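Below: the structure, in structure tokens.
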Amino acid sequence: AQKVTQAQTEISVVEKEDVTLDCVYETRDTTYYLFWYKQPPSGELVFLIRRNSFDEQNEISGRYSWNFQKSTSSFNFTITASQVVDSAVYFCALTWMDSSYKLIFGSGTRLLVRP
Amino acid sequence: NAGVMQNPRHLVRRRGQEARLRCSPMKGHSHVYWYRQLPEEGLKFMVYLQKENIIDESGMPKERFSAEFPKEGPSILRIQQVVRGDSAAYFCASSHERTHSGDTQYFGPGTRLTVL
């Protein structure tokens, strides 16, 4: 079965700390896609990154970085030097071939960055 | 380039009434997905549509819920005879036609449905 687990329900850090959000996935398929979305307090969903199963290169975008490891079925997200504006709920999601490409979401991690 | 648009943003209905939620995909996108987010939970897939066709409705409740994506106009998610348990945020997402395989879904702002 396809599944995404975000074991951290809530994380609280002080501004400028680094923080890593964990995501572990399960899938039988060899071709799949992983995503991270941000949901700020205003409620909308903001796309952050998409990663293909055949591309294990890590990615960095400004203060954001992602570590994709197929060996451990993990796709972790690190925010460096966190800021108050990073406070949000972050969702990891999975889709795969022959699934209509519907997204399976984790339960989300609520990140609170305190000044 | 306008993003995915949803309206209304907030909708209040009394038990037994009908709720109609509308979604206009991004320009050039012909794939539409609907998801539901219950309070304090992640999003759950409901239905996937292309123009005039329902492709996958495996996440849709069997009764009272329906969806359409007509040739002209927005996609509509319709909930008949709403109950309190239907209170949730309903999100629409769209993806591009030509690069559909695993393509990124972009989400609208959501419709928050409250059933009194």
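Of note:
- Those residues of region B:3-39 which are within 14 Å of chain A (Cβ to nearest Cβ) and part of a loop (DSSP other than H, G, I, E, B), in sequence order: B:3, B:4, B:8, B:9, B:26, B:38, B:39
- Residue among A:13, A:46, A:89 that alone is of a type in the set (Val, Ile, Thr) and touching a Gly at 6+ places or on another chain (Cβ under 8 Å): A:89
- Only residues that are assigned to a helix (DSSP H, G or I) and among the hydroxyl-bearing types (Ser, Thr, Tyr) were counted across region A:62-74, and they come to 2.
- Search result, residues across region B:21-56 that are closer than 21 Å to residue A:99 by Cβ and modelled with pLDDT under 90: B:29, B:30, B:41, B:42, B:51
- Apart from one condition, residue B:73 fits all of (1) more than 10 Å from the chain's Cα centre (by Cα); (2) assigned to a strand (DSSP E or B); the exception is (2).
- Of all residues in region B:35-47, none satisfies being hydrophobic (A, V, I, L, M, F, W, C) and in contact with a Leu (Cβ under 6 Å, 6 or more places away or on another chain).
Residues checked against (1) more than 10 Å from chain B (Cβ to nearest Cβ); (2) part of a loop (DSSP other than H, G, I, E, B):
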position	(1), (2)
A:11	yes, no
A:17	yes, yes
A:20	yes, no
A:37	no, no
A:44	no, yes
A:60	yes, no
A:76	yes, no
A:90	yes, no
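The values are calculated or read from the model by the stated rules, or taken from the named source; none is laboratory data. Every value quoted in this text rests on a predicted model; they were computed, and no experiment measured them. Neighbour counts run over all protein chains shown; Cβ positions are idealised from the backbone, glycine included.
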